[in-house]
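Comments concern the structure below.
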Amino acid sequence: MAESPVTELSPEESWDLLRSHELGRLAFHLADEVHLVPVNYAVDTRHRIVFRSNEGSKLLGLKMDSDVAFEIDEVGDEEAHSVVVRGRARALEGDEADEAEELPVRPWVAEEKYRVVVIDVDEISGRRFRLHRPWLHLRDPDG
């Protein structure tokens, strides 16, 4: 029997992948809709995902329903990885927000984001995919 092309990652392998990236996607509810937005983030020492935001639909959605999902992925030539986190998001205040200043979470665009948000993780899962892409040989190497 052939080896499966999909391998489940351990929780620690999944956390290692999260720590090695800085851009992910946050899925949250706003009224009757699900929204998906990119956020730059960091992982703190308590295994929480931390990002910055301005006031707006994202923070409103998190106040209305704190249940969120967060995802990162990477695709290489021969394998891909995906990590999905489920948890509860909340804006940090006071000392907790001050602690976040030590993390490398800064806006990628020239816009200050004053609110610090954390995802308290309830569940993490990761997968490694061995890729089989037979169509690659059809690509023109000269562009």
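Here are the numbers:
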read-out: Residue-averaged [θ]222 nm for the chain, counting only DSSP H segments that reach four residues, each worth -39500 (n - 2.57); value: -4000 deg cm²/dmol
read-out: Alpha-carbon Debye profile of the chain, log10 I(q)/I(0) at 0.20 Å⁻¹; value: -1.18
read-out: Modelled label reach - residue 122, point 7 Å along Cα→Cβ, region 59-89 residues with backbone N closer than 13 Å; value: 65-70, 85-89
read-out: Net lengthening on full extension, residue 20/residue 35 (0.36 nm per residue, minus Cα-Cα); value: 2.9 nm
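Read-outs throughout are calculated quantities, based only on the coordinates presented, and are distinct from any laboratory measurement. Model, not experiment: these values are computed from the prediction. Cβ sites come from the backbone with ideal geometry, for glycine too, and all protein chains shown count toward neighbours.
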